[in-house]
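These notes are about the structure you will find just below.
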């Protein structure tokens, strides 16, 4: 233990001496949360919609009203020909167009299928996918309402009514969804970045022989290397959380000790990842590449930070189980947004714990081998 | 020129001496493409749904069947205990819940209106919004079906509305088409800017930069010689990524390849210039890596339009995005790949990108003169 502390002290002074690295690790994350928290949102509201209504009756007006009332669409133009729609779409004036054909009501009333046409600009596939989903839901809803009116007369009560309730984030602000993800992402990156060079640097600079000969156990060495970065990571993580509370009204509905526990567990796993990378490679440049490959992309793409895991193909979903951020985000969102306790998150904590033990264990084994 | 070639050869030898480097440089892009190509979709499908069926009648099972048959939902759990909803949603086993009240079947059979509840976990705002829309319209369809079935035999037939959705520029709405060309941009940035800067700083760290300085090499030869190998690797990566994108992901390549290639060289000018600049402001490889990751890579991922559309950003943030060369390159790459457009539609982006590259190169050269004399 004393030896571990000695390594920690040496590592700590090395961090402090490199002012820029320390400043970057401590303050830049909170600054970035501010920048990205404002910049990023998924709120697909007010999609610019052009409408060409060739029917002009109560049914078509009902359809239009449903598009507008959804708040997802703003009607910005009423073109009169397809070529005009095409021009507006190419020029980027509109992102979607709705064409209501003549005879829609007649078809509806004579047992036929009346096809409404919707055009969506697909140059951003992610936005287009969401607009696609909204469109489908709106038109189906209107179709059912019109059928109901025809079957039971205007004003008839539907046989089944829906009472939707949204928990935890009733206004569906995407900031509340994205900010916990950003916290996880920033913590992961700064931890991996700060440790992935630590051991390979000694090798590259030729100080590795000294480490090898030093009378210190491998475990003490790993613990000593990790401790200073653990505290730097913890301080930086809590600065981000406080910044998120102040700037974005992120509620912390659960308990702070539990939050501290979750963040600590995640940081240990992230630091272990960095250390493991550092023991596997023999140059700092390679450590950087591998570090990015195992931390940056999986944390952005496979963690549920931005993209829903349930929609991914099965093999990719299987890969996501080894991404620690996946568990951390469930725990973090659970604690800050849902205010839930330890029992509900036991699975996530267990997974995070197993991950941390495995990567630190592997890193120690690798190190022990390298030291001979 | 001969001296320059010697230096380039030295760099390649150093890369070769590091045998693990090559596979990573060329395998990493493919892994990134695969992950981004398959996983990065905001599509909402298979939403895990918990159903509280307090009725347990054939009628309620029919409603549950409608959800089971829908590609948008995945019924994970049917229960009669409404406490399970809280538990499943809190622990994220389910993202949504459908609650069917006890008298549901009775009400439907006897023609009385009845209300079902749909709960969505708002902590995932995007999936919750889209999922609620699907659930509501699914139930509305069911309701309309019931109302129509109740009418006496011989009443006039009622049709339905259908929507034909056409997506322009990306008819199958594959997110690969959007994400994969973006990978090209990100990758070139990582390989050239970061590795280039680390390679220069490494010489500083090991003290060998001094030795190179006292050789008869001219300053520009030293710079070009250090960066050229990474430029070459970058060019190979361009070819590799385009090949994988077209052959494996079957992403349409509608524009001109020579144009893409030429503009990629300009983009490489930006990233190499950036690498040089980072190397002049860093004393150790760790600093170079931190500076590159936090000040260049992260803004590029989030503010360039790579994932999040720039037009969704607040007006204060939008001007910042003009400082990011990736922004221009993304417009160009996506334009050439997906829309098949040429210089006539993005000449402004190309010019701004060129200006950006020249500026950063000038800045880097000025700084490196100062630090080395």
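Take the residues of segment A:15-44 that are exposed (fewer than 15 other Cβ atoms within 10 Å of the Cβ) and free of Cβ contacts under 8 Å to residues at least 40 places away in the same chain: which is nearest to residue A:142 (Cα to Cα)?
A:31
To keep it simple, each residue is scored yes or no on (1) touching a residue at least 60 places away in the same chain (Cβ under 8 Å); (2) closer than 25 Å to residue A:41 by Cα.
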site: A:290; (1), (2): yes, no
site: A:295; (1), (2): yes, yes
site: A:303; (1), (2): yes, yes
site: A:311; (1), (2): no, yes
site: A:318; (1), (2): no, no
site: A:335; (1), (2): yes, yes
site: A:354; (1), (2): no, no
site: A:368; (1), (2): yes, no
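Does segment A:6-13 include one or more residues that are within 33 Å of the chain's Cα centre (by Cα), modelled with pLDDT of 85 or more and more than 14 Å from chain B (Cβ to nearest Cβ)?
no
Yes or no: residue B:228 at negative phi, within 12 Å of chain A (Cβ to nearest Cβ), in contact with a helix residue (DSSP H, G or I) (Cβ under 7 Å, 6 or more places away or on another chain) and crowded, with 16+ Cβ neighbours inside 10 Å?
Numbers: at negative phi: yes; within 12 Å of chain A (Cβ to nearest Cβ): no; in contact with a helix residue (DSSP H, G or I) (Cβ under 7 Å, 6 or more places away or on another chain): yes; crowded, with 16+ Cβ neighbours inside 10 Å: yes.
Answer is no for this residue.
Name the single residue that is nearest to residue A:127 (Cα to Cα) among those in segment B:299-327 being touching a residue at least 60 places away in the same chain (Cβ under 8 Å) and within 8 Å of chain A (Cβ to nearest Cβ).
Filtering first and then ranking leaves B:307.
Just to be sure before I move on: is residue B:296 more than 9 Å from chain A (Cβ to nearest Cβ), surrounded by fewer than 24 Cβ atoms within 10 Å (Cβ to Cβ), more than 25 Å from residue A:187 (Cβ to Cβ) and under 26 Å from the mean Cα position of the chain (by Cα) in the structure I sent? Let's see the steps before the verdict.
Working: more than 9 Å from chain A (Cβ to nearest Cβ): yes; surrounded by fewer than 24 Cβ atoms within 10 Å (Cβ to Cβ): yes; more than 25 Å from residue A:187 (Cβ to Cβ): no; under 26 Å from the mean Cα position of the chain (by Cα): yes.
Judged against the criteria, residue B:296 is not a match.
Does residue A:131 count as touching a strand residue (DSSP E or B) at 6+ places or on another chain (Cβ under 7 Å), buried (at least 20 other Cβ atoms within 10 Å of the Cβ), farther than 30 Å from residue B:294 by Cβ and more than 7 Å from chain B (Cβ to nearest Cβ)? Explain how you work it out, then say what you get.
On the way: touching a strand residue (DSSP E or B) at 6+ places or on another chain (Cβ under 7 Å): yes; buried (at least 20 other Cβ atoms within 10 Å of the Cβ): yes; farther than 30 Å from residue B:294 by Cβ: yes; more than 7 Å from chain B (Cβ to nearest Cβ): yes.
Yes, satisfied.
From the list A:138, A:120, pick out the single residue that is buried (at least 20 other Cβ atoms within 10 Å of the Cβ), closer than 21 Å to residue A:78 by Cα and more than 7 Å from chain B (Cβ to nearest Cβ).
Values: A:120 fails: more than 7 Å from chain B (Cβ to nearest Cβ).
After applying the criteria, what remains is A:138.
Please go through segment A:204-227 and pick out each residue that is more than 12 Å from chain B (Cβ to nearest Cβ), surrounded by fewer than 20 Cβ atoms within 10 Å (Cβ to Cβ) and part of a helix (DSSP H, G or I).
Answer for segment A:204-227, where residues must be more than 12 Å from chain B (Cβ to nearest Cβ), surrounded by fewer than 20 Cβ atoms within 10 Å (Cβ to Cβ) and part of a helix (DSSP H, G or I): A:208, A:209, A:210, A:211, A:212, A:213, A:218, A:219, A:220, A:223, A:227.
Filtering segment A:17-33 down to residues that are more than 9 Å from chain B (Cβ to nearest Cβ) and touching a helix residue (DSSP H, G or I) at 6+ places or on another chain (Cβ under 6 Å), which residue is nearest to residue B:313 (Cα to Cα)?
If we filter segment A:17-33 for residues that are more than 9 Å from chain B (Cβ to nearest Cβ), which is where we start, we get A:17, A:19, A:22-23, A:26-27, A:30-31, A:33.
Subsequent filtering for residues that are touching a helix residue (DSSP H, G or I) at 6+ places or on another chain (Cβ under 6 Å) retains A:22, A:26, A:30, A:33.
Values: A:22: 30, A:26: 26, A:30: 19, A:33: 15 Å.
The residue in question is A:33.
Looking only at segment B:95-102, decide whether some residue is surrounded by 14 or more Cβ atoms within 10 Å (Cβ to Cβ), at the interface with chain A (Cβ under 8 Å from one of its Cβ atoms), at negative phi and at pLDDT 85 or above.
So far as segment B:95-102 goes, yes, one or more of its residues are surrounded by 14 or more Cβ atoms within 10 Å (Cβ to Cβ), at the interface with chain A (Cβ under 8 Å from one of its Cβ atoms), at negative phi and at pLDDT 85 or above.
The values are calculated or read from the model by the stated rules, or taken from the named source; none is laboratory data. If you're wondering where the values come from, they're calculated on a predicted model, not measured in any experiment. We place every Cβ from the backbone using ideal geometry, glycine too, and count neighbours over all the protein chains shown.
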